[in-house]
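Novice: Please read through the structure below; I'll follow up with questions.
No value in this document is a laboratory result; all are computed from the given coordinates. This structure is a prediction, so every number in the text was calculated from the model and none was measured. Virtual Cβ from ideal backbone geometry, glycine too; neighbours counted across all protein chains shown.
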Amino acid sequence: MTQDKLTIGVLALQGAFLEHVQHLEKARSKVGVDYAVLEVRTVEELAQCQALVIPGGESTSISLVAERSELLEPLRDFVKKDKKPVWGTCAGMILLAEEATRTKKDGQELIGGLDVRVARNHFGRQTDSFIMKLPMPFLKDQTPFPCVFIRAPIVEAIISKDSHQTTESNVRAPTVGKPSSDEVKVLGTIPADKAKDGEEKIIAVQQGNVFGISFHPELSADTSIHEWWVNTCVL
Ligand code: GLN
């Protein structure tokens with residue numbers, strides 16, 4: 001029965017959710033535990049999940065549709081109160097940040113959960129998209145991972161709860177539940193020698209139950225980050 005089986009949701013409001021569903025299905029045989037994958041569009045569907053992926057796409061659209069679907073508060077509870085495992089890729093990581101810069105004039109809603117400030121569209125426009133092979137030190141296999149960056153954000157800073165930096169173009173997530181007692185761990189970077197401006201860029205972070213990465217692993221053929229997430233963060 002699906003009810004008894006571990007259910008991993010993929011937020012399916014906008015963006016590259018189908019590719020995450022396919023990667024999670026592909027990863028299943030390598031993970032050693034059976035699980036169901038569910039596209040989440042409603043509060044009822046979210047309630048069936050023990051873990052959730054928030055895909056890349058357009059964070060402003062995802063937050064708008066989430067608000068209209070009355071999913072924003074349940075999502076914040078899922079991440080920050082219930083502290084269930086959640087993984088955000090690209091726009092998904094923006095939504096999981098406690099603070100984001102370069103947001104639209106009227107801002108956008110964030111879910112929060114990661115005590116970081118992300119800079120949206122750090123590398124420029126769609127045409128500035130690129131693939132870079134980068135080491136992912138947290139994976140067993142140290143073959144550099146083909147990271148697909150599409151109008152990707154970076155983690156600009158790790159913030160503490162009381163270091164409010166809110167300016168006109170920044171938005172912050174509302175406080176929900178108890179602040180995380182876990183530290184933000186940096187799991188991946190673009191090293192200084194590979195960055196255009198010669199400065200290291202943080203592109204993967206984890207804080208307790210929340211994992212965020214700047215790129216799109218679901219758009220490469222490699223399922224190893226999906227396998228790692230299910231094995232290490234979900235199980
Ligand atoms: N630039 C997008 C945003 O701000 C994210 C892009 C992506 O998810 N590929 O939401």
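Novice: 7 Å from Cα along Cα→Cβ at both SER69 and GLU183: what's the point-to-point distance in nm?
Specialist: Reported label-point gap for SER69 and GLU183 is 3.6 nm.
Novice: Same structure again: If you place +1 on the Cβ of every Lys and Arg, -1 on the Cβ of every Asp and Glu, and leave all else neutral, what size is the dipole of the stretch 32-183 about its Cα centre, to the nearest 20 Debye?
Specialist: 360 debye
Novice: Still on this structure: Out of PRO153, ALA100, PHE130, whose Cα points farthest toward the positive end of the dipole of the stretch 80-184 (charges: +1 Lys, Arg; -1 Asp, Glu; placed on Cβ)?
Specialist: Of the listed residues, the answer is PHE130.
Novice: When the Cα centres of the stretch 1-60 and the stretch 93-112 are compared, how far apart do they sit, in Å?
Specialist: 22 Å
Novice: A follow-up question, please. Sort the following peptides by mean Cβ neighbour count (other Cβ atoms within 10 Å, averaged over residues), highest first: 142-149, 178-185, 200-207.
Specialist: Ranking, from highest mean packing down: 200-207, 142-149, 178-185.
Novice: Quick one: the Cα spread of the stretch 82-150 along its three principal axes, in angstroms, biggest first?
Specialist: 41, 37, 13
Novice: Using label points projected 7 Å from each Cα along Cα→Cβ, tell me how many nm separate ASP197 and ASP77, to one decimal.
Specialist: 4.1 nm
Novice: Sequence-distant or interchain residues sharing an amide H contact under 5 Å with VAL40, placed H: which?
Specialist: The answer is VAL10, LEU11, ALA12.
Novice: While we're looking at this one, here's another question. Past 24 Å, Cα to Cα: identify those pairs from LYS26/LYS80; LYS5/LYS83; LYS5/LYS140, in the order given.
Specialist: Beyond 24 Å: LYS26/LYS80; LYS5/LYS140.
Novice: Between ASP141 and GLU39, what is the label-point separation in nm under the 7 Å Cα-to-beta-carbon projection?
Specialist: About 2.8 nm separates the two model spin labels.
Novice: When DSSP assigns beta bridges and you keep just the ones with both residues in the chain, what percent turn out antiparallel, to the nearest 5?
Specialist: 50 percent
Novice: At a 10 angstrom cut-off on C-beta neighbours, averaged per residue, how do the peptides 89-95, 135-141 rank from highest to lowest?
Specialist: Output ranking for 89-95, 135-141: 89-95, 135-141.
Novice: Find the relative contact order for the chain and round it to a whole percent, using C-alpha pairs within less than 8 Å whose residues are 6+ positions apart.
Specialist: The normalised contact order for the chain reaches 21 percent.
Novice: If N is the number of residues in the stretch 9-158, what value comes out of its Cα radius of gyration divided by 2.2 N^0.38 Å?
Specialist: Compactness ratio reported: 1.05.
Novice: For LEU95, what charge total do you get from the other residues with a beta carbon under 13 Å from its beta carbon, if Lys and Arg give +1 and Asp and Glu give -1?
Specialist: Neighbour charge sum, excluding LEU95 itself: -1.
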